[in-house]
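The next block holds one structure in the form of C-alpha cells; read it before the comments.
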Amino acid sequence: MIYKRSSALFSAAQKVIPGGVNSPVRAFKAVGGDPIFVKEAKGAYLYDEDGNRLIDYINSWGPMILGHAHPAVVDAVIDKAKKGTSFGMPTEIETQIAALAVSMVPNIDKIRFVNSGTEACMSAVRLARGYTGKDKIIKFAGCYHGHSDSFLIQAGSGAVTFGSPNSPGVTQGTAQDTLLARYNDIAQVESIINSNKDEIACIIIEPVAGNMGCIPPTKSFLKGLRALCDIHNILLVFDEVMTGFRLAKGGAQELLGVDADIVTFGKVIGGGLPVGAFAAREEIMNHLAPLGPVYQAGTLSGNPLAMAAGLAMLTELNENPNIFKSLADKTEYLHKGIAKALKSHDVTNTINRVGSMISVHFAKDAVVDFDTAANGNNDTFKKFFHGMLDNGIYIAPSAFETWFITDALTYEDLDETIAAVYKVAGDL
C-alpha cells in the first residue's frame, strides 16, 4: 500500500507536535516507519488519508464495540451538540448514565465521571488513600493505569520491591510509595504486604492485562488478591478501563466472579468520546467531596457530549446482552484461524485470549506476566505488523498491546484477516 499523504502529514505534524503525535504509541517507534493518518472510519474499517481501507483491530483502543460511527452513538452526539457542548453545571443525562452503569455492574452503588482513564485511576488511588488513611499502593509490572506519577515506575530489586521512576519528572518520593509486583504471582504480593504492614492503601490491577498484550489472570490469582485485601484491610482496585462493559455487561467482575472495592472505567463508557469514571460502594464513594474530605473535580467531567455517547453505547449493550457472546465467538474464530496459519509455517507463537481481547505473542513459552511477554521476538512482531498492514489489516503498532474485536467485524472480515496471516507467516 502507498502512504505518501500520511508520511507528508507526519512530517508536518512533527514541526508543531512533539514527535508528531499526541500519544507516544501512535508514532510507530516500536515497529518502524511512519504512522498512518486516518481520514474517517465506519463499522469495522478505517479509511486513511491515502484512500486505503484497513480492517481495524484497535478500535480506538477498545471503545468501538459496536463499530465506528455507530448510528445510535452518532445521533445522540449530534442531538446533544445542538443544545450546547459544555455547561460546567449538572445535567440530567449524567444521572441517567450513572443509574444505568450502576445497574449493569455488580458491587457498585455510586459512580463519578471524569475525563480519561488516567484521571479515573489517579482519582481511585487518591480515594483509596483517603478512605484507608494509608499511603502505599501495589501495582503490577506491565499493567498500565495511565500516566499519573504514581504509576510511572519500574521494578527495583529485592524481596520488597520499591519503585523507581522510569520517566523524568516523577520524583523518587512519589515512586517509593508504589510497590511493584509480578502479575499472576500471589506469593510475591503476600511477601510485599507482610513487609509493609498496615501501610498499603490499595492494590490496583488490570483484572485482564491489556498493556503487555492480552494476559489473563490464573484462576486463583484474583481470588487470592481478594483474600489478601480482606485480611489486611486493603482496597482492591480493578482498572477496567479496557475490560469494563467489554468482557461482559458487568465487566471483569462479572466474568471472573471477583468483587473489587473500587472500579475504574473509560473507553466504552464514553462511546468513543473522552471520558472515564470510577465507582465503588456507597461508604467509599461518600468520602469524595462535597460529601467527604477527598477532593476531586473537573470542569469537563460529565460533559454532555460524552454522556450522550456513553448513554447510547451502554443502552445498546444493556438491551443486547447477546453481543458479548457474539464478540467472544468471533474472537475464538479468529484465534483458531491465526493459530492454524502460523502453525502451517512453523512460526513460534503463543496466543492469549479473553472474551473479545486477543494477542499474538511471538514467544515459545506461556505468556503470564511482563517478563514472559518481553521474551517474545520483537523483530518477528515488526515483520508481522508491517506484513499485516500491507495486506490491509491494522493491528496495534506494539507487541505489548492487546487487539480489540468489534461486533461490526463480519466472518468475511475475519477470513480476510486469517488469509493475510497465511501470506505474512511465510516471510516470518
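The values are calculated or read from the model by the stated rules, or taken from the named source; none is laboratory data. This is a predicted model, so every value here is computed, not measured. Backbone-built Cβ (ideal geometry, glycine too); neighbour counts: all protein chains shown. Please note that ligands, DNA and RNA were not included when accessible areas were found on the heavy atoms of the full protein model with its side chains. Shrake-Rupley method; radii C 1.70, N 1.55, O 1.52, S 1.80 Å.
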Would you mind telling me which numbered condition in (1) touching a Leu at 6+ places or on another chain (Cβ under 9 Å); (2) more than 25 Å from V74 (Cβ to Cβ) A339 fails?
(1)
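Could you tell me whether any residue of region 237-252 is touching a residue at least 60 places away in the same chain (Cβ under 8 Å) and under 14 Å from A128 (Cβ atoms)? First the steps, then the outcome.
Kept after step one, since they are touching a residue at least 60 places away in the same chain (Cβ under 8 Å), are these residues of region 237-252: 237, 239, 241-251.
Among the residues that remain, those that are also under 14 Å from A128 (Cβ atoms) are: 237, 239.
Yes.
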Within region 204-238, can you find the residues that are open to solvent by 10 Å² or more (accessible area, probe 1.4 Å) and under 13 Å from D185 (Cβ atoms)?
P217, T218, S220, G224, L228
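Filter region 33-56 for residues that are of a type in the set (D, E, K, R) and out of contact with any strand residue (DSSP E or B) (no Cβ under 7 Å at 6 or more places or on another chain); which is nearest to R5 (Cα to Cα)? Don't jump to the end; show me each part of the working.
We begin by selecting, within region 33-56, every residue of a type in the set (D, E, K, R); these are 34, 39-40, 42, 48-50, 53, 56.
Adding the requirement that they be out of contact with any strand residue (DSSP E or B) (no Cβ under 7 Å at 6 or more places or on another chain) leaves 34, 50.
Working: D34: 11, D50: 6 Å.
Residue satisfying both the conditions and the ranking: D50.
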Single residue of F381, F400 found to be more than 16 Å from K340 (Cβ to Cβ), modelled with pLDDT under 95 and buried (at least 22 other Cβ atoms within 10 Å of the Cβ)
F400
State all residues of region 54-103 that are open to solvent by 40 Å² or more (accessible area, probe 1.4 Å), on the phi > 0 side of the Ramachandran plot and not small (G, A, S); if no residue qualifies, say none.
W61
Under 7 Å between Cβ atoms, at least 6 apart or on separate chains: pull out the pairs that start in region 375-390 with a residue that is on the phi < 0 side of the Ramachandran plot and end on any residue that is assigned to a helix (DSSP H, G or I).
F384/V424; G387/V424; M388/A420; M388/V424
Name the residue that is farthest from N59 (Cα to Cα), counting only residues in region 209-244 that are within 11 Å of the chain's Cα centre (by Cα) and not in a loop (DSSP other than H, G, I, E, B).
D239
Which listed residue, of L247, L300, is open to solvent by less than 20 Å² (accessible area, probe 1.4 Å) and in a loop (DSSP other than H, G, I, E, B)
L247
Name the helices (runs of 4 or more DSSP H) wholly inside region 319-428 in which the number of residues that are closer than 27 Å to L255 by Cα and not aliphatic (A, V, I, L, M) is 3 or more.
323-344, 370-374
Pairs please, first residue from region 104-123 and over 25 Å from S23 (Cβ atoms) and of a type in the set (V, I, T), second anywhere and modelled with pLDDT of 95 or more and assigned to a helix (DSSP H, G or I), Cβ atoms under 7 Å, 6+ apart in sequence or on different chains.
V105/G251; V105/Q253; I108/V102; I111/A98; I111/A101; I111/V102
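Select, from Y47, Y57, the only residue that is out of contact with any helix residue (DSSP H, G or I) (no Cβ under 9 Å at 6 or more places or on another chain), within 26 Å of L327 (Cβ to Cβ) and among the aromatic types (F, W, Y). Full working, then the answer.
On the way: Y57 fails: out of contact with any helix residue (DSSP H, G or I) (no Cβ under 9 Å at 6 or more places or on another chain).
On inspection, the qualifying residue turns out to be Y47.
Is it true that G133 is touching a helix residue (DSSP H, G or I) at 6+ places or on another chain (Cβ under 9 Å) and modelled with pLDDT of 75 or more?
Values: touching a helix residue (DSSP H, G or I) at 6+ places or on another chain (Cβ under 9 Å): no; modelled with pLDDT of 75 or more: yes.
Considered against the rule, which asks whether it is touching a helix residue (DSSP H, G or I) at 6+ places or on another chain (Cβ under 9 Å) and modelled with pLDDT of 75 or more, G133 comes out as no.
Could you tell me which of the residues E332, E319, E283 is acidic (D, E), without any contact (Cβ under 8 Å) to a residue 40 or more places away in the chain and surrounded by 14 or more Cβ atoms within 10 Å (Cβ to Cβ)?
Values: E319 fails: surrounded by 14 or more Cβ atoms within 10 Å (Cβ to Cβ); E283 fails: surrounded by 14 or more Cβ atoms within 10 Å (Cβ to Cβ).
Exactly one of E332, E319, E283 is acidic (D, E), without any contact (Cβ under 8 Å) to a residue 40 or more places away in the chain and surrounded by 14 or more Cβ atoms within 10 Å (Cβ to Cβ), namely E332.
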Testing P18 on (1) farther than 15 Å from Y394 by Cα; (2) crowded, with 16+ Cβ neighbours inside 10 Å, one condition comes back false. Which one is that?
(2)
So which residues in region 186-208 are within 21 Å of G257 (Cα to Cα) and part of a strand (DSSP E or B), if there are any at all?
C202, I203, I204, I205
If I go through region 250-267 residue by residue, how many of them are touching a Gly at 6+ places or on another chain (Cβ under 6 Å) and open to solvent by less than 20 Å² (accessible area, probe 1.4 Å)?
3
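Could you tell me whether any residue of region 117-134 is of a type in the set (D, E, K, R) and open to solvent by less than 20 Å² (accessible area, probe 1.4 Å)?
Going through region 117-134, the residues of a type in the set (D, E, K, R) turn out to be 119, 126, 129, 134.
When the remaining residues are screened for being open to solvent by less than 20 Å² (accessible area, probe 1.4 Å), the result is none.
Looking for residues that are of a type in the set (D, E, K, R) and open to solvent by less than 20 Å² (accessible area, probe 1.4 Å), one finds none in region 117-134, hence no.
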